[in-house]
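**Q** Okay, here's the structure, questions in a sec.
The values are calculated or read from the model by the stated rules, or taken from the named source; none is laboratory data. Predicted model, so just to flag it, every value in this text is computed and none were measured. Here the Cβ is made from the backbone with ideal geometry for all residues, glycine too, and neighbour counts use every protein chain on show.
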Amino acid sequence: MLKAHYSFEKSGVFNPKQVFYHLSIPELFEHALQKKEGILSSTGAFSVLTGAYTGRSPEDRFFVDDETTHNLIDWGKVNKPISQEIYERLYAKMMSYLQQKDVYLDDAYVGTDPKNRLAVRFINEYAYCSIFVNNMFLEPNTQELQSFVPDFTVFCFPRFKAIPGIDGVRSEAFVIINFKEKKIIIGGTSYGGEIKKAVFTVMNFLLPQKGVLPMHCSANIGKDGDVAIFFGLSGTGKTSLSADIERRLIGDDEHGWSEQGIFNFEGGCYAKCINLSKEKEPQIWDAIRYGAIMENIYLAPDSRQPDYTDNRYTENTRVSYPIEFIPNALIPGIAKHPQVIIFLTADAFGVMPPVAKLTTEKAIYNFILGYTSKLAGTERGIVEPQATFSVCFGAPFMPLNPKTYAQMLGKKISQHGSRVYLVNTGWVGGPYGIGKRIDIDYTRKMVKVAIDGTIDQNGYHEDTVFQLLIPNELPGIPNDILNPGNLWNNHSDYANEAQKLKNRFDEVMKKYLPL
Ligand SMILES: Nc1ncnc2c1ncn2[C@@H]1O[C@H](COP(=O)(O)OP(=O)(O)O)[C@@H](O)[C@H]1O
Ligand SMILES: C=C(OP(=O)(O)O)C(=O)O
């Protein structure tokens, strides 16, 4: 449907040439192809290059600092404050850029739980960003569309670039959230991740105020209705491990935990594709078809065949597809309280056990600590795994004090008796460069026994450095893998590295303890 004179705002500031309102996916594909935003791959997925910023750029993300947010946002973290004045100037420039341009407008919900969802209007410069929005968020029905009143509006204009130094931002790319005006402006980057993670940040700000815990986690559900959630920073395995042929997918990245249970914020998935194989990740492989969007994946020039091993544009290659593309996904993504919680950490030092059980106290400690690695390509400038402490396994997107989220999580774990495990999807046998990343088949086995509870059968022993409970034995997994020190060539090197990391943990936690 073409709404040529869609009135965005009563002020009449906007004067786009044409407003394409809620186009169908085939229409959007047609537009994106005609405008040469990308090409069709041999799989039928639309393939785009998202430019210089192929991953997250935390230093380009800001909140407008005002009375709405000032006492709530934890300014010590990744995103930085920016003044209303700087925002207004940039916003006005963006609006003047928008004059007489075609725009794509989509109204969508974020949150499968009607009581806790956000109504968001997306205004995009690119047709393919509109496909991304269609894939990733929830489509209102006809009646809901007619009475749709946005709680937030997102403007995404990748070709509009800021001038650092003049515009008060740090590079030509920027993502600014203005809670007072309920707007998000994105410029200079067309990485789809910025759209979804900016909206996620808004949910993470608003939901705790309604008593709902927002979580950077994936979720799935077993045949008996048992729910498992997987927290983890980008690249640690949320998407890969929650896509499990024996369980139904609830969502791959963002959920809320309310008094009723958990709910997905999204309606689609955003999977990493580097080294993707049909054998190891069959569900994701099969989801790459017409309707999906590939970002930064190299296609052979003649055959347009994707090469998932090629990282010439970035390691952070992606595909976005509607959750329906995963067979047997749970739709809508609403389920009861999780019985099992898994913290995914990618340890680049090779000293954390591949799986350990956590007491509630240790769970909260590890949640706040958020020890993991930034994996190559997930942030600008990251070319190899780099140790990081990302509170709540999602520091760039969690604007409130981490204690807010941690206290809510602790209460929920105790209330619902959830069992908690730490799973290291990172390096074993030595640090990055010497050891190797643990085989995903082993990780899947560990996740399986953690979820079905058989992990408890042979008891645990305590690791002396981190005081984590390591299973004594697990069927189908060599014992050496369970105990990180055993795979190192030199045990004292292992002991030194492990102690060094533990000392860093203690330093970081000084800031937060007691809760
Ligand atoms: N042991 C492992 N466990 C999980 N993922 C692994 C493992 N080894 C390699 N990988 C790869 O790491 C990436 C994990 O990415 P993804 O699941 O998209 O992370 P997230 O959803 O947390 O951002 C995938 O490319 C996956 O193939
Ligand atoms: C989209 C992102 O997150 P994730 O890798 O967790 O999907 C991102 O950090 O850019």
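**Q** Select from the stretch 380-404 the residues that are over 17 Å from His216 (Cα atoms) and crowded, with 23+ Cβ neighbours inside 10 Å and list them in ascending order.
**A** The one that is over 17 Å from His216 (Cα atoms) and crowded, with 23+ Cβ neighbours inside 10 Å: Pro385.
**Q** State all residues of the stretch 44-86 that are more than 16 Å from ligand 2 (Cβ to nearest atom) and of a type in the set (Phe, Trp, Tyr); if no residue qualifies, say none.
**A** Matches in the stretch 44-86: Phe46, Phe62, Phe63, Trp75.
**Q** Pick from Tyr298, Tyr321: which is of a type in the set (Phe, Trp, Tyr) and touching a residue at least 60 places away in the same chain (Cβ under 8 Å)?
**A** Just one listed residue meets the conditions, Tyr321.
**Q** Right, next: Pick from Lys196, Lys161, Lys223, Lys210: which is of a type in the set (Lys, Arg), out of contact with any Pro (no Cβ under 9 Å at 6 or more places or on another chain) and under 19 Å from Met136 (Cα atoms)?
**A** Lys196
**Q** Of all residues in the stretch 468-482, count the ones that are modelled with pLDDT of 95 or more and surrounded by fewer than 16 Cβ atoms within 10 Å (Cβ to Cβ).
**A** The first filter runs over the stretch 468-482 and keeps only residues modelled with pLDDT of 95 or more, leaving 468-474, 482.
Now drop any that are not surrounded by fewer than 16 Cβ atoms within 10 Å (Cβ to Cβ), which leaves 472-473.
Looking only at that region, the number is 2.
**Q** Hey, another quick one. Condition first: surrounded by fewer than 21 Cβ atoms within 10 Å (Cβ to Cβ) and either in contact with a Leu (Cβ under 9 Å, 6 or more places away or on another chain) or assigned to a loop (DSSP other than H, G, I, E, B) (or both). Now tell me which residues in the stretch 18-28 satisfy that.
**A** Those that are surrounded by fewer than 21 Cβ atoms within 10 Å (Cβ to Cβ) and either in contact with a Leu (Cβ under 9 Å, 6 or more places away or on another chain) or assigned to a loop (DSSP other than H, G, I, E, B) (or both): Gln18, Val19, Tyr21, His22, Leu23, Ser24.
**Q** From the list Phe179, Phe157, Phe200, Phe152, which one is within 16 Å of ligand 1 (Cβ to nearest atom), surrounded by fewer than 24 Cβ atoms within 10 Å (Cβ to Cβ) and in the same structural domain as Asp107 (by TED's automatic domain parsing)? Reasoning before the result, please.
**A** Details: Phe179 fails: within 16 Å of ligand 1 (Cβ to nearest atom); Phe157 fails: within 16 Å of ligand 1 (Cβ to nearest atom); Phe152 fails: within 16 Å of ligand 1 (Cβ to nearest atom).
Sole residue among the options that is within 16 Å of ligand 1 (Cβ to nearest atom), surrounded by fewer than 24 Cβ atoms within 10 Å (Cβ to Cβ) and in the same structural domain as Asp107 (by TED's automatic domain parsing): Phe200.
**Q** Out of Gly165, Gly222, which single residue is over 21 Å from the mean Cα position of the chain (by Cα), at pLDDT 95 or above and over 22 Å from Tyr405 (Cα atoms)?
**A** Unique residue meeting the criteria: Gly222.
**Q** Looking only at residues in the stretch 234-262 that are of a type in the set (A, V, I, L, M, F, W, C) and closer than 16 Å to Ile341 by Cβ, which one is nearest to ligand 2 (Cβ to nearest atom)?
**A** This residue is Leu241.
**Q** Taking the stretch 97-120 on its own, how many of its residues are under 25 Å from His31 (Cα atoms) and surrounded by fewer than 18 Cβ atoms within 10 Å (Cβ to Cβ)?
**A** Final tally of qualifying residues: 5.
**Q** Yes or no: Phe230 outside any loop (DSSP other than H, G, I, E, B) and either in contact (Cβ under 8 Å) with a residue 60 or more places away in the chain or within 16 Å of ligand 2 (Cβ to nearest atom) (or both)?
**A** yes
**Q** Right, another one. In the stretch 203-227, what residues are of a type outside the set (A, V, I, L, M), away from ligand 2 (no atom under 15 Å from the Cβ) and not in a loop (DSSP other than H, G, I, E, B)?
**A** Result: Phe205, Pro208, Gln209, Lys210, Asn220.
**Q** Just the residues that are within 21 Å of Phe343 (Cα to Cα) and either away from ligand 1 (no atom under 13 Å from the Cβ) or in a loop (DSSP other than H, G, I, E, B) (or both), please, taken from the stretch 371-385.
**A** Selection gives Tyr371, Leu375, Ala376, Thr378, Pro385.
**Q** Go through (1) outside the structural domain of Asp113 (by TED's automatic domain parsing); (2) within 19 Å of Gly256 (Cβ to Cβ); (3) surrounded by fewer than 17 Cβ atoms within 10 Å (Cβ to Cβ) and name the single condition Asn220 misses.
**A** Asn220 satisfies all of (1) outside the structural domain of Asp113 (by TED's automatic domain parsing); (2) within 19 Å of Gly256 (Cβ to Cβ); (3) surrounded by fewer than 17 Cβ atoms within 10 Å (Cβ to Cβ) except (3).
**Q** Taking Ile274 as meeting all but one of (1) farther than 25 Å from Thr50 by Cβ; (2) within 15 Å of ligand 2 (Cβ to nearest atom); (3) part of a loop (DSSP other than H, G, I, E, B), write down the number of the exception.
**A** (1)
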